[in-house]
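Undergrad: Have a look at this one before I ask anything.
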Amino acid sequence: MVIVAGHLMVDPQQRDSYLAGCVQVVEQARRAPGCLDFSITADLVDAGRIVVFERWESPAAVAAFRGDGPDAGQSAAILAASVAEYDIADTRPLT
């Protein structure tokens with residue numbers, strides 16, 4: 001399993017429009033082969049922070065979906081980013 005997690009920073013006044021532009025990406029990801037979970041959400045405390053969380057069956061599934069990454073408009077809106085991929089060997093349910 002692969003987890004992609006982290007955050008993006010955008011201008012707080014542009015966060016809602018940035019997230020609206022991500023709806024189609026989230027819908028596509030959730031339909032993609034190997035996607036277990038995919039979300040891009042507003043941080044509840046920081047108005048300029050966007051939380052990224054993805055779970056994939058394999059690195060190949062991530063690579064097949066990812067392609068070239070965000071489009072030029074989305075990339076231009078990102079002021080900073082801290083997102084990483086984690087290879088997960090084992091999981092333990094908490095519920």
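The values are calculated or read from the model by the stated rules, or taken from the named source; none is laboratory data. The model shown is predicted, which means the values in this text are computed figures rather than measured ones. Note: ideal-geometry Cβ built from the backbone for every residue, glycine included; neighbour counts use all protein chains shown. Heavy atoms of the whole protein, side chains included, go into the accessibility calculation; ligands, DNA and RNA do not. Shrake-Rupley method; radii C 1.70, N 1.55, O 1.52, S 1.80 Å.
Undergrad: Just flag the chymotrypsin sites (Phe, Trp or Tyr not before Pro) in the chain sitting in loop per DSSP whose Cβ has no more than 14 other Cβ atoms within 10 Å. Write out the running numbers ahead of the final one.
TA: Working: sites: Y18, F38, F53, W56, F65, Y86; in loops: none.
Here no chymotrypsin sites (Phe, Trp or Tyr not before Pro) fit, given the DSSP loop and packing criteria.
Undergrad: Per DSSP H run of at least 4 residues, take -39500 (n - 2.57); add these up for the chain, divide by its residues and hand me the 222 nm value, nearest 500 deg cm²/dmol. Provide the component values of the computation, followed by the final result.
TA: Details: 4 runs with 29 residues, N = 95.
After summing the helix terms and dividing by residue count, I get -8000 deg cm²/dmol.
Undergrad: Mind checking which of L94, I3, S58 is farthest towards the positive end of the chain's charge dipole, using Cβ charges of +1 (Lys, Arg) and -1 (Asp, Glu) about the Cα centre?
TA: L94
Undergrad: Follow-up. Treating only the Cβ of Lys, Arg, Asp and Glu as charged (+1, +1, -1, -1), what charge dipole size does the stretch 9-95 show about its Cα centre? Round to the nearest 20 debye. Mind showing how you got there, number by number?
TA: Values: 7 positive and 13 negative charges, 28 e Å.
With Lys and Arg at +1 and Asp and Glu at -1, about 140 debye.
Undergrad: Give me the number: length gained by fully extending S17 to E57, i.e. 0.36 nm times residue separation minus the C-alpha to C-alpha distance, one decimal in nm. Please report the intermediate quantities before stating the final value.
TA: Numbers: separation 40, 0.36 × 40 = 14.40 nm, distance 3.01 nm.
Going from the current span to full extension adds 11.4 nm.
Undergrad: Are there any trypsin sites (Lys or Arg not before Pro) in the stretch 1-60 that are in a DSSP loop and have at most 10 other Cβ atoms within 10 Å? List them by number.
TA: Passing sites in the stretch 1-60 do not exist.
Undergrad: Give the shape of the stretch 1-53 as rounded, prolate or oblate, defined through the alpha-carbon gyration tensor: a ≥ b ≥ c are the square roots of its eigenvalues, a/c under 1.5 means rounded, and otherwise the shape is prolate if a/b is larger than b/c and oblate if not. If you can, show how the numbers build up before the last one.
TA: Working: a/c = 3.36, a/b = 1.69, b/c = 1.99.
Note, shape of the stretch 1-53 comes out oblate.
Undergrad: In Å, what Kirkwood hydrodynamic radius results for the chain from the alpha-carbon pair distances?
TA: Numbers: mean 1/r = 0.0713 Å⁻¹.
Evaluated over the chain, this radius sits at 14.0 Å.
Undergrad: Give the ranking of L94, L36 by solvent-accessible surface, highest area first, calculated with a 1.4 Å probe.
TA: Values: L94 170, L36 75 Å².
Solvent-accessible surface, decreasing: L94, L36.
Undergrad: Tell me the per residue accessible area of the chain using a 1.4 Å probe; a whole number in Å² is fine. All intermediate terms of the calculation are to be shown ahead of the outcome.
TA: Working: 6190 Å² over 95 residues.
Each residue of the chain exposes 65 Å² on average to a 1.4 Å probe.
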